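Here is the structure we will look at.
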Amino acid sequence: MDATTNKTAEADAGHGISFREAFQVWLRVALLSFGGPAGQIAVMHRILVDEKNWISESRFLHALNYCMLLPGPEAQQLATYIGWLLHRTAGGIMAGGLFILPGVIAIMGLSYIYAAYGNVGFVEALFFGLKAAVLAIVIQAVVRVGKRALRNRIMIALAAAAFIGIFFFNVPFPIIIISAGVIGYLGAKSGRSEFAAVGHGGNGKKAAAVDSMLSDELPDHVRPSVPRALRVSAVWLLLWLVPVGALLIGLGQANVFSQIALFFSKMALVTFGGAYAVLAYVAQQAVEHYHWVQPREMLDGLGMAETTPGPLIMVLQFVGFMAAFRDPGQLSPMLAGTLGGLLATWVTFTPCFLWIFLGAPFIETLRGNKGLAGALTAITAAVVGVILNLSIWFALHTVFRETTPVRSAGLSFDMPVLSSIDFPALVLAVAAATAIFRFNLGMLTVLGGSCAAGVALRAAGII
């Protein structure tokens with residue numbers, strides 16, 4: 001594409017944000033996407049809503065609600081959605097692709113080290129301080145989104161019910177979201193003001209870039225179109241399923257690459273609620289059924305995914321790597337592992353682009369629907385409870401070295417073992433939270449300072 005075409009495309013976008021500027025910002029988001037879904041949503045919210053004012057609070061939450069309903073990593077899909085709004089399909093591919101690229105590179109590098117030496121402890125130590133800082137950023141996200149979304153007692157009650165249900169009773173995520181949506185729809189239809197949609201551009205801010213672009217006539221790419229939906233479906237289904245079919249036909253079902261392609265394609269269809277909801281099943285199948293990894297190796301892979309940028313579901317790349325590494329056939333083990341890891345990543349994330357490019361135009365046109373607005377407002381409140389759940393999960397596994405399962409009287413949650421408290425992690429997390437909430441220091445400053453502190457603690461032999 002030449003310079004003239006580029007300029008035309010940017011002018012047609014109607015918001016003045018160049019593709020190059022968007023690339024730089026999405027790369028920054030990707031490099032800071034630590035801490036699981038809560039941390040990643042926090043980073044995007046802070047950069048895109050608060051700092052850049054590219055998208056309004058209401059539209060950010062509207063997109064997030066849709067992504068929370070989809071199978072797959074919601075944060076990566078949210079990045080794809082917003083990138084699509086800004087710069088059409090190319091913007092969505094750029095935003096969604098960049099979101100996972102640092103994780104792909106990091107997990108692949110750590111997989112090489114793990115396969116060769118069986119130990120990546122020094123890398124985990126490197127990210128020790130970073131995890132503590134991300135915990136503070138996650139808490140800030142809960143506070144910020146909560147202040148705007150929980151505007152009345154009903155919304156607070158919905159958030160509390162969602163948190164209690166998912167944290168203490170392990171209520172399936174789809175049930176929580178569907179229940180909140182039904183309550184919101186009925187509440188809006190009955191005329192209750194509590195279920196009105198979040199207003200645009202509050203806090204004295206000028207209209208966000210995306211909202212200015214969409215204030216008049218909708219751009220072509222935002223309008224739903226059945227022919228376009230069919231084309232999108234055909235392209236992304238082919239990209240996803242042709243490699244799977246080719247492997248099954250060419251190598252047979254018993255081949256490790258065929259098994260990786262088929263198993264992780266199935267996972268891409270059922271990972272509702274993000275990685276946390278499906279990792280237990282993946283671990284069970286990978287360890288007990290396929291014998292791709294040992295239980296301890298699965299935990300090590302999860303540790304890699306938790307301490308590197310990108311979605312937590314990137315642990316699937318490690319599983320795919322180890323599966324092919326141990327059954328390389330005619331290939332060298334490292335080459336087989338590389339291909340196995342990349343194959344697992346491809347069949348996991350390609351469907352994510354399908355869900356966004358297919359559904360987002362229809363979701364955008366429904367923003368003015370009163371019943372839907374009420375449903376999504378209630379879902380937003382429930383999502384605050386879900387993010388709080390993820391935040392506490394992340395905090396438990398950052399500040400405590402051990403947890404014990406509680407499974408009685410309907411309860412199903414992990415309780416921290418108080419004697420296993422990690423004091424260096426606690427001190428760093430408190431310091432990071434103080435820097436953010438008390439002194440209002442920037443995110444990069446806090447992340448950099450915490451990372452330096454973690455390295456210093458390692459050098460001093462404290463961790």
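The values are calculated or read from the model by the stated rules, or taken from the named source; none is laboratory data. Predicted model only: the values in this text are computed from it and were never measured. Cβ placement follows ideal geometry from the backbone for every residue including glycine, while neighbour counts extend to all protein chains displayed. Calculation scope for accessible area: heavy atoms of the full protein, side chains included, ligands and nucleic acids excluded. Shrake-Rupley method; radii C 1.70, N 1.55, O 1.52, S 1.80 Å.
Between PHE439 and VAL406, the C-beta separation translates, for a Förster distance of 30 Å, into a calculated FRET efficiency of about 0.20. For the stretch 80-96, the residues whose backbone nitrogen is under 16 Å from a point 7 Å from the Cα of VAL235, taken along Cα to Cβ, are 80-81, 83-96.
For the stretch 24-158, a Kirkwood radius taken over Cα pairs fed into Stokes-Einstein (25 °C, viscosity 0.890 mPa s) yields D = 152 µm²/s. Altogether, the Stokes-Einstein calculation at 37 °C and 0.692 mPa s, with the Kirkwood radius of the chain over Cα pairs as Rh, returns a diffusion coefficient of 143 µm²/s.
Between ALA115 and ASN369, full extension at 0.36 nm per residue minus the direct alpha carbon distance yields a gain of 86.1 nm. Accessible surface computed residue by residue for the chain, with neighbouring protein chains in place and a 1.4 Å probe, gives 43 Å² per residue.
Taken over the Cα atoms of the stretch 393-463, the convex hull encloses 101 Å³ per residue. Close amide H pairs (under 5 Å, H built 1.01 Å from N) link LEU411 with no residue at least 5 positions away or on another chain. Residue by residue, the stretch 252-263 carries 3J(HN,Hα) couplings of x, 5, 7, 5, 5, 5, 5, 5, 4, 4, 6, 5 Hz when phi is fed to the Karplus relation 6.51 cos²θ - 1.76 cosθ + 1.60 (θ = phi - 60°); x denotes Gly or Pro. The simple Förster model, with R0 at 35 Å and r as the Cβ-Cβ distance, assigns ILE178 and GLU288 a FRET efficiency of 0.65. Averaging over all projection directions, the Cα-based convex hull of the stretch 315-381 occupies 6.3 nm² in the image plane. Could you give P(r) for the stretch 289-416, binned at 10 Å from zero, as whole percent values over all Cα-Cα pairs? Result returned by the calculation: 10, 24, 28, 25, 11, 2.
Normalising the Debye intensity of the stretch 345-446 to I(0), with uniform scatterers on Cα atoms only, and taking log10 at q = 0.14, 0.16 Å⁻¹ returns -0.95, -1.02. Compared with the direct C-alpha span, the chain from LYS52 to ARG223 gains 59.0 nm at full extension, assuming 0.36 nm per residue. Mean sequence separation of contacting Cα pairs (under 8 Å, at least six apart), scaled by the length of the chain, corresponds to a relative contact order of 29 percent.
For the chain, the share of accessible area belonging to carbon and sulfur comes to 65 percent (1.4 Å probe, ligands and nucleic acids excluded). Peptides 77-90, 17-30 ranked from most to least packed give 77-90, 17-30, packing being the mean of other C-beta atoms within 10 angstrom over each peptide's residues.
In a simple Cβ point-charge model (Lys, Arg +1; Asp, Glu -1; nothing else charged), the chain has a dipole of about 900 debye relative to its Cα centre. Computed extension gain for LEU426 through ARG153, at 0.36 nm per residue and net of the alpha carbon distance, reaches 95.0 nm.
Pick out, from TRP346, MET108, MET415, the residue whose Cα sits farthest towards the positive end of the charge dipole of the chain, with +1 on the Cβ of Lys and Arg and -1 on the Cβ of Asp and Glu. Projecting each Cα onto the dipole axis, the largest value belongs to MET415. Close amide-amide hydrogen proximity is noted between ASP422 and PHE400, ARG401, each under 5 Å apart and 5 or more residues distant or on a separate chain (H modeled in the peptide plane; Pro and chain starts excluded).
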